[in-house]
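Contents: one structure, followed by commentary.
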Amino acid sequence: MFGERAAELVRGLHRAADGHLPAFNEDGIRQVLEEMKALYEQNQADVNEAKSGRSDLIRAIKFCHCSLLRNRRCVVAYLYDRLLRIRALRWEYGSVLPNDLRFHMSSEETEWFNQYKKSLATYMRSLGGEEGLDLTQDMKPPKSLYIEVRCLKDHGEFEIDDGTTILLKKNSQHFLPRWKCEQLIRQGVLEHVLS
Amino acid sequence: MFLSDFRKEFYEVIVAQRVLLLVASDVDALCACKILQALFQCDHVQYTLVPVSGWQELETAFLEHKDQFQYFVLINCGANVDLLEILQPEEDTFFFICDTHRPINVVNVYNETQIKLLVKQDDDFEIPAYDDIFRDEEEDEDDSGNESDRSEPSGKRKRFEEDIMERTMKRRQRREWESAMVMFDLAWIMSKDLNDMLWWAIVGLTDQWVQDKITQMKYVTDIGTLQRHVSRHNHRNEDEENSLSIDCMRIAFEYDLRLALYQHWSLFESLCNTCYTSASLKLWSVQGQKRLQEFFADMGLPLKQVKQKFNSMDISLKENLQEMIEESASKFGMKNLRVQTFSIHFGFKNKFLASDIVYATASLMENIEKDEPGADNFIKALDSLSRSNLDKLHQGLELAKKQLRATQQTVASCICTNLVISQGPFLYCYLMEGTPDVKLFSKPVSLCLLSKYLLKSFVCSTKNKRCKLLPLIVAAPMDVEQGTVIMVGIPPETESSDKKNFFGRAFEKAAESTNSRTLHNHFDMSIIELKMEDRSKFLDALISLLS
């Protein structure tokens, strides 16, 4: 049946857990594009025939045309949804993505990601006077300036804004400014202690 | 030097700085640390907390962090040795020491710049005057005669100084405030005290009492002090109209039974495993068991009820339980079964006495079950003091029950098999390697508790009048592979004992004279580790030293 493989593409992406980016389905896209090409050529031939008289092919032409449109819609939905997920990755992980996620993106998607990073950076720099404003910090309104964190593994020295360094050793607890800790909390080096 | 105004000379100095907190591994230190952390979080003081369990860890932590911090706060460690000599800090490093270990080293007292002691000067410390101990260089030069004579007079003077140093070292103070209470007092002076901090101060005080480090009189005095704070913070409960919701935390004064963990255990178990009752009733003997049954019969409590979990006991029996037990107990020779204490209450299910929390936190801190490094256990114990970590607290209570049971069984077996021998100037007991639960006693606080229970029970069981006044040394295997033994010395059990312990110096001297391989790693100098082979000659040296 026409349009099966395209639907399979979309279903595959839908199955992936919320926000998770599965590997780029190169094969699936290629098959759908081949199907579209075959349909299109078939249609071209039929249209020429229909022009020269055979009017019973018109329904077949209509049907193939609908399939083509359906395939196109599925492919575009697939690509667009992936782009939305990649955009969310920038807000969650920062500028540097973990390796396994990078392998899941096609080269065009990587290109898109870089362009997106650049325009986000330009925008952030243009706000807030001279230094710019980092919009990716503090996604939820913070309750306090400083938070208590506990070190889960040895991380070595860590520098904070006023130039002083802190030695992050396993099982030591620190009371640090929130914005410095967020990165390390996401990486799993520090743990926020709620008391 | 001693600080007089803690707020100006300590808190306002460090509030603008980054501070390193070095905290020793005992419950009083944990409570003081929690109070100080709460104050720091209120004022946004950037701090780093490093747990230390001995002098070596203290030195390592200092070396790692000395480039990054200038202000160090030491809780329950550091007062009883010459800190500057051990750590060799830079000129601009400052140490604030809040420590209950006595005697305070004279160098720490007379250092004007770098060492500040957060100690309440309630009464005289019997510290000799500065001039008696330290002599100026110029005096030496003026007094010296010929070149040849020079060595001799200064030699004599040096010996004289050392003499005074020794006498000073042995001097002990009468009263001291627990670290947790010092911190709470600081918070109160700054009007930043909360009910939570008051509870931690209560737990710190109760810990010192449970470990027998303060006298009964001091305990009662401090309870009185805290009672004023408790009524100030918790008066809203009496007023019917404006009372707080049941989920809010409230502290109440209790004149409650001295039985360990009895509300979270069964009454029977608690009576068997509390040192006071077990020693008075002599529960290690058959007659003791009979006496226990008589005790319950006297109170009219059926055995079936008493062996059940306390919460499931009949309400009619629980109603006047405390008065009933007190009456019957005085017939059996236990006059002080009730003691003044506080309890905390939040939610419908959660009611704990201060001593419950002490036992739970202490067992969490010395948990040997999973063989984790000490710092992990410290963190768990620190967490269990917050009210949002009830599961850790319950875990601690279960561990505490195991520990109390093990302690009681070990004491019973030691008394029954006469393992406590009199060596002349002291009593001695060695726990063999095959003893059940001996691994539990490879930790200092557990071993100290065991020793105190053992001494109390021994005093109740022996007929020898002289032996009742002797101190006790207990040794237990610490690490079987390395062949080390941990040894603890505790003062004798007397009615008016002021809990002074001179074993620290004695151990040091004995180790020196016999060249034993000892490690004086603990902050409390009366706890040492030594190699198994050196045990006998060490003991012989001690005997000759103390007789």
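The values are calculated or read from the model by the stated rules, or taken from the named source; none is laboratory data. Quick caveat, the model's predicted, so the values are computed rather than measured. Virtual Cβ from ideal backbone geometry, glycine too; neighbours counted across all protein chains shown.
The set of residues in the stretch B:11-62 that are touching a strand residue (DSSP E or B) at 6+ places or on another chain (Cβ under 9 Å), more than 12 Å from chain A (Cβ to nearest Cβ) and under 17 Å from B:Glu178 (Cβ atoms) comprises B:Ala24, B:Ser25, B:Asp28, B:Ala29, B:Leu30, B:Ala32.
If you check B:Arg535, B:Arg505 for being surrounded by fewer than 21 Cβ atoms within 10 Å (Cβ to Cβ), of a type in the set (Lys, Arg) and more than 23 Å from the chain's Cα centre (by Cα), only one passes: B:Arg535.
In the set B:Phe268, B:Phe253, which member is modelled with pLDDT of 90 or more, surrounded by fewer than 20 Cβ atoms within 10 Å (Cβ to Cβ) and touching a strand residue (DSSP E or B) at 6+ places or on another chain (Cβ under 8 Å)? Among B:Phe268, B:Phe253, only B:Phe253 is modelled with pLDDT of 90 or more, surrounded by fewer than 20 Cβ atoms within 10 Å (Cβ to Cβ) and touching a strand residue (DSSP E or B) at 6+ places or on another chain (Cβ under 8 Å). Tally time: how many residues in the stretch A:166-189 are within 19 Å of B:Phe69 (Cβ to Cβ) and either at pLDDT below 80 or outside any loop (DSSP other than H, G, I, E, B) (or both)? Adding up the residues that qualify gives 10. Confirm whether B:Ala510 is among the small types (Gly, Ala, Ser) and touching a residue at least 40 places away in the same chain (Cβ under 8 Å). Criteria not met by B:Ala510.
In a helix (DSSP H, G or I), among the aromatic types (Phe, Trp, Tyr) and under 21 Å from A:Gln115 (Cα atoms) - does that describe any residue in the stretch A:75-86? There is at least one residue in the stretch A:75-86 that is in a helix (DSSP H, G or I), among the aromatic types (Phe, Trp, Tyr) and under 21 Å from A:Gln115 (Cα atoms).
On the basis of being β-branched (Val, Ile, Thr), within 14 Å of chain B (Cβ to nearest Cβ) and either on the phi > 0 side of the Ramachandran plot or surrounded by fewer than 17 Cβ atoms within 10 Å (Cβ to Cβ) (or both), does A:Thr136 make the cut? Criteria not met by A:Thr136.
Residue selection: B:Leu440 fails the criterion of being within 14 Å of chain A (Cβ to nearest Cβ), touching a helix residue (DSSP H, G or I) at 6+ places or on another chain (Cβ under 6 Å) and of a type outside the set (S, T, N, Q). A:Pro142 meets the conditions (1) more than 27 Å from the chain's Cα centre (by Cα); (2) part of a loop (DSSP other than H, G, I, E, B); (3) more than 9 Å from chain B (Cβ to nearest Cβ) in every case but one. The failed one is (1). Scanning the stretch B:513-526 for residues that are touching a residue at least 12 places away in the same chain (Cβ under 8 Å) and over 21 Å from B:Glu57 (Cα atoms) returns B:Ser513, B:Thr514, B:Ser516. Within the stretch B:380-395, the residues that satisfy the criterion of being within 9 Å of chain A (Cβ to nearest Cβ) and part of a helix (DSSP H, G or I) are B:Leu382, B:Asp383. Could you check, for the stretch A:163-178, whether at least one of its residues is farther than 30 Å from B:Ala381 by Cα and not hydroxyl-bearing (Ser, Thr, Tyr)? Scanning the stretch A:163-178, I find at least one residue that is farther than 30 Å from B:Ala381 by Cα and not hydroxyl-bearing (Ser, Thr, Tyr), so the answer is yes. One residue alone among B:Ile486, B:Ile543 is touching a Leu at 6+ places or on another chain (Cβ under 7 Å) and either at pLDDT 85 or above or buried (at least 21 other Cβ atoms within 10 Å of the Cβ) (or both), and that residue is B:Ile486.
Residue-wise test of (1) assigned to a strand (DSSP E or B); (2) more than 22 Å from B:Asp256 (Cα to Cα); (3) within 14 Å of another protein chain (Cβ to nearest Cβ).
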| residue | (1), (2), (3) |
| --- | --- |
| B:Phe352 | yes, no, no |
| B:Val358 | no, no, no |
| B:Ala362 | no, no, no |
| B:Phe378 | no, yes, yes |
| B:Leu397 | no, no, no |
| B:Ala406 | no, yes, no |
| B:Asn418 | no, yes, no |
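For B:Ser25, the conditions (1) in contact with a helix residue (DSSP H, G or I) (Cβ under 8 Å, 6 or more places away or on another chain); (2) assigned to a helix (DSSP H, G or I) are fulfilled apart from (2). Among the residues making up the stretch B:436-446, those that are touching a residue at least 40 places away in the same chain (Cβ under 8 Å) and more than 14 Å from B:Leu404 (Cβ to Cβ) are B:Lys439, B:Ser442, B:Lys443, B:Pro444.
Looking only at the stretch A:153-165, decide whether some residue is part of a loop (DSSP other than H, G, I, E, B), loosely packed, with under 11 Cβ neighbours inside 10 Å and away from chain B (no Cβ under 13 Å). Looking for residues that are part of a loop (DSSP other than H, G, I, E, B), loosely packed, with under 11 Cβ neighbours inside 10 Å and away from chain B (no Cβ under 13 Å), one finds none in the stretch A:153-165, hence no.
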